[in-house]
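Readers should treat all values here as calculations from the given coordinates under stated rules, not as data from a laboratory. In this text the structure is predicted, and so the values were computed from the model without any measurement. Note that we place each Cβ from the backbone using ideal geometry, even for glycine, and neighbour counts take in every protein chain shown.
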Amino acid sequence: MMFKTASGLATVDTIFYASGESPIGQVLVALSASGVCAILIGADKDELVADLAVRFPKANLVANEHIVHDDLARVIRFVDKPGEGLDLPLDLRGTAFQRRVWETLRKIPIGTTTIYTELARSIGAPNSVRAVAAACASNPIALAVPCHRVVGSNGDLAGYRWGVERKRELIKKEAMA
């Protein structure tokens, strides 16, 4: 979308979003012109919309279930039946390092987990375990970028932006897929 400003034309990113109920709570899916740019999980739709606004402060956010419906349905179906996979066009927005971590996360097979140390090694940054953990924590595309598949070196679930109970449930469902 283009707007006329005092200094000329400016492009405003329009992001369409919709939310729905899943077995792990409310899920909000946001879609840009390039693909899914956010999958947020929580207990309250309004909190998810507020989180989306913080993550994309310069975007024009438009609630539109019609546009987002198919992707939202795929995400909810994935939570219930992870064995079917979740293949969505993604709009990964982050630093080059974050995107490298997120792309590597997408290669972890359903039903398996890895540890932060191994993830850091696999991207060629073995001394960047904390930076890898920070990239996982800042991931705005839950499920499709499966940061829930990363556990602590002792096997503990460690933190999860969307809640450790959700992480436990996702890992359990994926192990049975």
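Summary of computed values
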read-out	value
Additional length obtainable on full extension of the chain from T117 to N154, 0.36 nm per residue less Cα span	12.2 nm
5 angstrom amide H check on S22, placed H, neighbours 5+ away	V27
Of I39, I67, I110, the one that fluctuates the most in a GNM where the chain has Cα springs shorter than 10 Å	I67
Helix axis angle, 65-80 relative to the chain longest principal axis, alpha carbon, degrees	10
Given K58/K81; K45/K167; K45/K81; K58/K173, the pairs whose alpha carbons are separated by over 29 Å	K58/K81; K58/K173
Over the range 1-111, volume per residue of the alpha carbon convex hull, in Å³	117
Where a label projected 7 Å from the Cα of R130 along Cα→Cβ would reach, residues of the range 148-177 with amide N under 20 Å	151-154, 158-161
Cβ-Cβ FRET estimate between A63 and E165, R0 fixed at 30 Å, reported to 0.05	0.60
Cα lying deepest toward the dipole's positive end in the chain, options L52, Y116, P126, charges on Cβ	P126
Compactness relative to 2.2 N^0.38 Å, alpha carbon Rg of the range 36-176	1.04
Values of log10 I(q)/I(0), in the order q = 0.12, 0.22 Å⁻¹, for the range 67-126 under a Debye, Cα-only, solvent-free model	-0.39, -0.99
Descending semi-axes in Å of the range 32-86, equivalent ellipsoid built from Cα gyration tensor	21, 14, 10
Approximate spin-label separation S138-A53, in nm, with each point projected 7 Å along Cα-to-Cβ	2.3
GNM result for the chain, Cα springs below 10 Å: residue of V151, V49, V164 fluctuating most strongly	V164
Selection from V29, A63, A18 lying farthest towards where the dipole of the chain points positive, charges on Cβ	V29
Point-charge dipole on Cβ atoms (K/R +1, D/E -1) for the chain, about Cα centre, debye to 20	580
Estimated dipole of the range 78-131 in Debye, rounded to 20 [Cβ of Lys and Arg +1, of Asp and Glu -1, Cα centre]	280
Table column - 3J(HN,Hα) (Hz), the range 154-160, Karplus curve with 6.51, -1.76, 1.60, x for Gly and Pro	8, x, 5, 5, 6, x, 8
Helix axis angle, 45-55 relative to the chain longest principal axis, alpha carbon, degrees	80
Whole-percent pair-distance distribution, where bins are 5 Å wide, for the alpha carbons of the range 97-177	3, 17, 31, 29, 15, 5, 1
Cα centre as origin, Lys/Arg/Asp/Glu Cβ charges: the range 39-135 dipole, Debye	540
Helix-derived mean residue ellipticity, 222 nm - over the chain, DSSP H n ≥ 4, -39500 (n - 2.57), to 500	-11000 deg cm²/dmol
